[in-house]
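> Mind looking over this structure? Questions follow.
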Amino acid sequence: MAFQIAVAPNLRKSPFFDATVEDGVASLTIYNHMVTPAHFGDPLNEYHNLINNVVMWDVAVERQVEMAGPDAEALARYLTPRNISGIEVGQGKYVPICNHDGVLINDPVLQRLSDDCFWLSIADSDVLLWAGAIAAERGLEVRVTEPDASPLGVQGPRAPEVVADLFGDWVLELKYFWHRQTDLDGIPILLARSGWSKQGGYELYLRDGSRGTDLWNRVKEAGAPYGIVPGVPSDIERTESGLLSYGADARFGANPFEVGLGQFVDLERDDEFVGKAALKKIVDEGIRRRRVGFFLSGEMIRGIEHPHRVFLGEDVVGVVTEAIYSPRLEQNIALGLLETEIADDQQGLEVDIGEPHRQATVSALPFC
Ligand code: THG
């Protein structure tokens with residue numbers, strides 16, 4: 001079945017949209033009410049470039065939620081179960097966000113731009129509405145808005161060289177998840193050492209949406225000697241690395257303990273935060289599912305379109321949320337949740353990806 005996604009006015013375009021079209025984007029998808037590249041024709045080539053060289057990604061769909069004003073820090077603290085005490089200007093932290101039932105509703109990166117200004121760089125759900133409503137209901141003195149800021153990812157082992165050629169060697173000293181506000185010949189940029197891969201790299205947050213093509217082409221030229229190609233966050237690499245995709249792995253009502261984010265929940269905090277009572281209750285009653293990897297039998301899997309069930313005999317004992325062929329392991333791998341009472345060495349697990357079902361064995365994470 002061949003079909004197209006129509007870009008209508010209700011779907012937003014990235015500042016890098018025209019440049020990605022020019023550079024041959026072959027498939028688009030939807031994320032945070034925006035159209036975004038899904039691949040440039042050869043996902044395996046993008047993957048190999050990410051592992052061996054460097055790739056550039058339009059990740060403008062990782063929208064920013066700005067919290068500015070005297071109560072900005074108070075709002076940030078109240079929104080996440082993580083203890084963010086001591087976060088410094090220029091620093092970022094990975095901060096799960098839960099609702100009042102303790103259900104994970106996003107997993108953003110929080111960055112402190114100044115004493116009273118923070119950004120949340122969000123996964124695929126409407127945090128702008130959530131944060132604005134929480135702030136208003138609590139009478140906090142903070143403006144919750146969406147700034148003109150669009151991340152461009154540069155990831156892979158040669159990313160430091162590309163970004164150092166553009167900005168100078170100081171970028172090599174930048175610590176993981178820290179950032180600096182700078183510019184590239186007048187293009188305003190927040191430069192962060194971050195990104196959704198375990199291959200390392202940077203994210204260049206473009207702070208003037210009219211300069212998207214300029215920035216894209218500057219990065220492309222600087223990356224040419226290092227073999228840069230346009231790509232997208234890689235489903236293959238993220239599965240091998242066990243990185244969480246909120247939209248794929250947790251959207252169906254998981255709590256942070258189930259999806260492996262328990263280390264970012266601090267129930268000993270003195271102060272209140274959204275979901276605290278519910279998360280305590282979840283811990284008291286016992287965590288029922290845990291995040292695992294699986295090896296799957298059968299033909300090469302190129303990706304899945306929806307979650308699949310994990311069976312033990314007739315019983316559903318888990319869910320697979322991503323499955324894909326790993327070139328590094330030369331077998332099919334998957335991410336998912338499994339009931340906690342099922343042991344790692346359980347025999348006879350099956351996943352309903354096609355007929356016959358795939359045989360599944362549990363693997364520790366990350367795979368690579
Ligand atoms: N880039 C930007 N914003 C984003 C994403 C991005 N927001 C949403 C989503 N992606 C955030 N998701 C993650 C998930 C994992 C990590 C970063 C963003 C990550 N985790 C490390 C790990 O799992 O080992 C370390 C986390 C830690 O120790 O704090 O890097 O891609 N701009």
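> Fully extended, how many nm does the chain gain between Glu268 and Asp284 (0.36 nm per residue separation, minus their Cα-Cα distance)?
Working: separation 16, 0.36 × 16 = 5.76 nm, distance 1.38 nm.
Computed gain between Glu268 and Asp284 is 4.4 nm.
> Would you mind calculating the gained length between Asp115 and Glu141 on full extension (0.36 nm times residue separation, minus the Cα-Cα distance), in nm to one decimal?
On the way: separation 26, 0.36 × 26 = 9.36 nm, distance 1.42 nm.
So the extension gain works out to 7.9 nm.
> Next question. Which percent of the accessible area of the stretch 25-150 is formed by carbon and sulfur heavy atoms (probe 1.4 angstrom)? Each step should come with its number before you reach the end.
Working: 2170 of 4550 Å².
Accessible surface attributable to carbon and sulfur in the stretch 25-150 totals 48 percent.
> Using just the C-alpha positions of the stretch 1-121 as equal point scatterers, what log10 of I(q)/I(0) does the Debye formula give at each q in 0.15, 0.21 1/Å?
-0.87, -1.11
> Please tell me the relative contact order of the stretch 138-258 in percent, rounded to the nearest whole number, where contacts are Cα pairs under 8 Å and at least six residues apart.
Details: 148 pairs, mean separation 30.5, N = 121.
For the stretch 138-258, the relative contact order is 25 percent.
> May I pose another question? Please give me the summed charge of the neighbours of Arg211: other residues whose Cβ is under 13 Å from its Cβ, Lys and Arg +1, Asp and Glu -1. Walk me through the numbers before you get to the answer.
Details: positive: Arg207, Arg218; negative: Asp18, Asp148, Asp183, Asp185, Asp208, Asp214.
Net of charged neighbours comes to -4.
> What percentage of the solvent-accessible surface of the stretch 167-210, computed with a 1.4 Å probe over protein heavy atoms, is contributed by carbon and sulfur atoms?
Details: 920 of 2050 Å².
Of the solvent-accessible surface of the stretch 167-210, carbon and sulfur hold 45 percent.
> How high is the relative contact order of the chain? Use alpha-carbon pairs under 8 Å, at least six apart in sequence, and give a whole percent.
Details: 815 pairs, mean separation 62.3, N = 368.
Rounded, it is 17 percent for the chain.
> So with the 1.4 Å probe, I'd like the accessible area per residue for the chain, rounded to whole Å².
Values: 16410 Å² over 368 residues.
That works out to 45 Å² for each residue.
> Rounded to the nearest percent, how much of the accessible area of the stretch 212-301 (1.4 Å probe, protein heavy atoms only) is carbon and sulfur?
Values: 1890 of 3900 Å².
Carbon and sulfur: 48 percent of the exposed surface of the stretch 212-301.
> Further question: Counting only GluC sites (Glu not before Pro) that are in a DSSP loop and have at most 11 other C-beta atoms within 10 Å, tell me the longest site-free stretch of the chain. Don't skip to the answer; put the middle values down first.
Details: sites that count: Glu88, Glu268, Glu272, Glu299, Glu305, Glu314, Glu330, Glu341.
The reported range is 89-267.
> Quick one: the Cα spread of the chain along its three principal axes, in angstroms, biggest first?
Ordered largest first, the chain gives principal extents of 62, 50, 42 Å.
The values are calculated or read from the model by the stated rules, or taken from the named source; none is laboratory data. Note that the structure is predicted; figures quoted are calculated from it, not measured. In this analysis, Cβ positions are derived from the backbone assuming ideal geometry, glycine residues included, and neighbour counts consider all displayed protein chains. SASA here: full protein model, heavy atoms, side chains in, ligands and nucleic acids out. Shrake-Rupley method; radii C 1.70, N 1.55, O 1.52, S 1.80 Å.
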